[in-house]
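Peer 1: Please see the structure below; I have some questions.
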Amino acid sequence: MSHENASEVRDLSLISMAASAVQSYEPIRWADLGLKNGIDIGSFRLRYYSLAYLAGIMLGYWHLSRMIRSPGAPLAQRHADDLFFYCTLGIILGGRLGYATFYTGGDTGIPSLWTRPSELLSLWHGGMSFHGGLIGVILAMAWVSWRGQLNFLRVADYIAVCVPFGMLFGRIANFINGELWGRVVASPVPWAMIFPDAPDQLPRHPSQLYEAGLEGLLMIVIMLSLYWLTRARFRPGLLVGVFTAGIGAARFTVEFFREPDAQLAEFARSTGLSMGQWLTIPLIALGIGLVVRAMLRPALGSAQRAAASSAVEG
């Protein structure tokens, strides 16, 4: 049996099991939750997705401003203000460029970035890439670090602590919008949902909430604990390494439950992994490398503390 035929048989088997599950229990219907994708202000609708980006950026800026008031901060408030501006641009432009490059193309397989560049400005059509936004933020940090003569790795450590706020709000907004739903459930689970725009109307994993929990809430707990309860900030690269490996591992895991983009479904079947997983593997490797590097080097100020201790003992 060919790989393609095996994939079709597997998909049909999943659909059959999901149909049987519907008969044995009643899944949650997303439409019954009474959610809508924004707030109506007259004839204008303020979308929750936009509010999620705004909330994540503002909360991250507020927390960064608190962090730089603690001992050992590698930047001042004016640098935080610059990072707020340039990282916002990096998130929007990088996220949009990344989506156009990696996640569009349809049957042609050619990214729309190269065929219809004017669509990049059509933000109202949706479509943002995490990996593209990450590249945009890295470039923004590099620019601010170079202009302000700051240590790039330490700036990255501080920004990494703040990023999970935006991840949490963004994934919750995806759920509220009823978009980016998960795969059809292989066995009954009480939280399986039927999303109104899904063509087969079968119960699926609410993978947006899985992402909110792993990429958002869990990473918030890990990063805040490392920063405020340990001396991780004094090991350049440790915080950003933990974030990079953690967010990569979380995304790789959730992709097993997330429905691949329609235009990339065949790519996922033929390679065995989704586009998101392939793009995430280098992140995990990079994060582990940064953690190992940080732990093998002495912490900032350790030489001074050792000298002071020797002087006291002498």
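The values are calculated or read from the model by the stated rules, or taken from the named source; none is laboratory data. This one's a predicted model, so the numbers in the text were calculated from it and none came from an experiment. FYI the Cβ positions are ideal-geometry reconstructions off the backbone, even for glycines, and counts take in every protein chain you see.
Peer 1: Name the helices (runs of 4 or more DSSP H) wholly inside the range 206-260 in which the number of residues that are surrounded by fewer than 17 Cβ atoms within 10 Å (Cβ to Cβ) is 3 or more.
Peer 2: 219-229
Residue-by-condition table, conditions (1) free of Cβ contacts under 8 Å to residues at least 40 places away in the same chain; (2) within 18 Å of His205 (Cβ to Cβ):
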position: Arg235; (1), (2): no, no
position: Val242; (1), (2): no, no
position: Ile247; (1), (2): no, no
position: Val254; (1), (2): no, yes
position: Glu266; (1), (2): yes, no
position: Ser270; (1), (2): no, no
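Peer 1: Report the residue count in the range 37-67 for those that are closer than 26 Å to Phe195 by Cα, touching a residue at least 60 places away in the same chain (Cβ under 8 Å) and in contact with a Lys or Arg (Cβ under 9 Å, 6 or more places away or on another chain).
Peer 2: 3
Peer 1: Can you confirm whether Thr104 is modelled with pLDDT under 95 and touching a Pro at 6+ places or on another chain (Cβ under 6 Å)?
Peer 2: So Thr104 fits the description; yes.
Peer 1: Report every pair of residues separated by at least 6 positions or lying on different chains whose Cβ atoms are under 7 Å apart, first residue within the range 143-161 and among the hydroxyl-bearing types (Ser, Thr, Tyr), second assigned to a helix (DSSP H, G or I).
Peer 2: Ser145/Phe152; Ser145/Val155; Tyr158/Leu64; Tyr158/Met67
Peer 1: Here's another thing I want to ask about it. What single numbered condition from (1) acidic (Asp, Glu); (2) assigned to a helix (DSSP H, G or I); (3) modelled with pLDDT of 75 or more fails to hold for Glu26?
Peer 2: The single condition Glu26 does not satisfy is (2).
Peer 1: Looking only at the range 261-285, which residues are closer than 17 Å to Gly98 by Cβ, surrounded by fewer than 19 Cβ atoms within 10 Å (Cβ to Cβ) and modelled with pLDDT of 85 or more?
Peer 2: Within the range 261-285, Trp278, Ile281, Pro282 meet the criteria.
Peer 1: Can I ask one more? Please go through the range 131-154 and give me each residue that is in a helix (DSSP H, G or I) and in contact with a His (Cβ under 8 Å, 6 or more places away or on another chain), ordered by number.
Peer 2: Those that are in a helix (DSSP H, G or I) and in contact with a His (Cβ under 8 Å, 6 or more places away or on another chain): Val144, Gly148.
Peer 1: Consider Met167 carefully, then state whether it is modelled with pLDDT of 95 or more, within 24 Å of Ala285 (Cβ to Cβ) and surrounded by 16 or more Cβ atoms within 10 Å (Cβ to Cβ).
Peer 2: no
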